[in-house]
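A short worksheet on the structure shown next.
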Amino acid sequence: MQLSRIHSAVIGVVFWAGCVALAITAWQRSSATATADTAPLNQLVDYALTQPVRLPAQLPAARARRGDPIFYESPQGWLQTGYLDRVDATAGTAQVVWYEPDIDPHQCRLDYYRNRGKFDDVLETLLPPEKRRRIQDRLSQTFREHGDEVTAAFRPVVEKSLKESAPVLEDALKASIERHEEEFKAIGKRWEDDILKQRIVPLLRAEVLPTIREHGEPVAQDIGRELWDRASIWRFGWRALYDKSPLPDKDLLKGEWERFVEQEAIPVFEDRMDNIIDAQKKIFVEVSQNDRIRDEFEAVFKEMASDPQFQDLMKAVVREAVIDNKQLHEIWTANFKSDQARSAIRLAGKRLEPIVREIGDDLFGTKEDGIDPDFARVLRNQILGKDKRWIIASPLDPQTTDQTATAAVTAATPLTIHAGSGSSRFPLVIMAGHDPQEATR
């Protein structure tokens, strides 16, 4: 017996009405206790029965994309409360699709984050602060317990290697510098013309000489007056004339000068030594506290250290003397293949293997608990190209929010999406066989 089209339509309507009624009943029963770990069926019902709100938004200077998710952290865990749509990068605008009716987006601050996949981002994702502290604590505890023992085992090997390397390295550096002597001279000449003569010498004349005159001139004048009083013009004069004469026994003037320095000048300087040292201290303190001198020398040293030609030359010297030095490599290789070194390596492995395994578990996960969520984030970002951009919705603090301005907000008021500051991880990582609540940690 074939059903008529009317009967088929009635049966179809009754069937789908029953499905909708069952879905509504399930939703109503679970709405009072719905959390971040709500059953997938209930979440699907919630999504199907919730009419999303579309709101205009202003974007920061960031490369937002259509579909970038928006997350909100509730007491039960992270929720995805919406996503971006109709992104206009040129105008800096977008449309926020918000499908969480119990959360007012205008009462939240929206911060935009991006994971570019660079090494810094990988480290920040793989080693969040709490995990970094945990690893540091484990390393500190291990080195407190075994550091002295491992260091004592390696010390003879390292000391022997350094002792044998010193003459080899010294000869290699000397040979490398000699090979590049002309290049060093060219750089020195350029620095002398551009830095020493044009910047350092004028600075010393303007800033250091007045200080030297202020503190050193009084001491110098006292010493000069006393030396003048002790000097005998007659004794120097007739000896100078005698040396010019054809008489024998020359160098009387030189002898008088040596006598004067030894018996007259040196005692004067010794008597004034405290004054000389005091003047030097004052000069040194004042010069070291001179901001202009300190800033100029700091700028000069930075400029010299960042000189491309000097950097290339130093790289060449280090490469020739250390990196490509086969004799140096042979010394370290031979010493670390010795029985003493092998014994030290075995000891270090025995003491450090447990902590290395624990750190590996922290970073990558365990057989019992599966892949670590942070490592999963890195894999999704680096291998699958996922989770590169997201937005965090944080509730505004009522005490710091302008209530008058908040009261004037309407559904047409554009949301402002700020550029996020500080560190942030992609909130959700869903992995098979894991509690979704655990994936948000």
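The values are calculated or read from the model by the stated rules, or taken from the named source; none is laboratory data. For clarity, every value in this text was computed on a predicted model and none was experimentally measured. Don't worry about glycine lacking a Cβ; one is built from the backbone with ideal geometry, like all the others, and counts go over all protein chains shown.
Points worth noting:
- Any chance VAL87 is crowded, with 17+ Cβ neighbours inside 10 Å, touching a Pro at 6+ places or on another chain (Cβ under 8 Å) and closer than 18 Å to LEU59 by Cβ: no
- Residues in the range 109-126 that are touching a residue at least 12 places away in the same chain (Cβ under 8 Å) and either surrounded by fewer than 16 Cβ atoms within 10 Å (Cβ to Cβ) or not acidic (Asp, Glu) (or both): ARG109, LEU110, TYR112, TYR113, ARG114, ASN115, ARG116, GLY117, VAL122, THR125, LEU126.
- One residue stands out in the range 385-408 among those that are over 30 Å from LEU126 (Cβ atoms) and either at pLDDT 85 or above or acidic (Asp, Glu) (or both): the one that is farthest from the chain's Cα centre (by Cα), namely ASP402.
- Within the range 409-423, restricting attention to residues that are at pLDDT below 80 and surrounded by 11 or more Cβ atoms within 10 Å (Cβ to Cβ), the residue that is nearest to ARG377 (Cα to Cα) is SER423.
- Residues satisfying the stated conditions in the range 162-177, i.e. over 23 Å from LYS315 (Cα atoms) and in contact (Cβ under 8 Å) with a residue 24 or more places away in the chain: GLU164
- Listing of helices (runs of 4 or more DSSP H) fully contained in the range 110-222 that carry 1 or more residues being closer than 30 Å to ASN335 by Cβ: 129-179
- Test: residue in the range 133-142 that is surrounded by 13 or more Cβ atoms within 10 Å (Cβ to Cβ), free of Cβ contacts under 8 Å to residues at least 40 places away in the same chain and not aromatic (Phe, Trp, Tyr): no
Yes/no matrix, rows are residues, columns are (1) farther than 29 Å from VAL285 by Cα; (2) at pLDDT below 80; (3) surrounded by 11 or more Cβ atoms within 10 Å (Cβ to Cβ):
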position: LEU162; (1), (2), (3): yes, no, yes
position: GLU183; (1), (2), (3): yes, no, yes
position: ILE195; (1), (2), (3): no, no, yes
position: VAL201; (1), (2), (3): no, no, yes
position: PRO246; (1), (2), (3): yes, yes, no
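- Matching helices (runs of 4 or more DSSP H) fully within the range 267-349 where at least 1 residues are modelled with pLDDT of 85 or more, more than 22 Å from GLN198 (Cα to Cα) and of a type outside the set (Asp, Glu): 273-288, 308-318, 326-336
Condition check ((1) small (Gly, Ala, Ser); (2) not assigned by TED's automatic domain parsing to the domain that holds PRO202) across all residues:
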| residue | (1), (2) |
| --- | --- |
| ILE277 | no, no |
| SER288 | yes, no |
| GLU298 | no, no |
| GLN311 | no, yes |
| LYS326 | no, yes |
| ASN335 | no, yes |
| GLN340 | no, yes |
| ALA344 | yes, yes |
| ARG351 | no, yes |
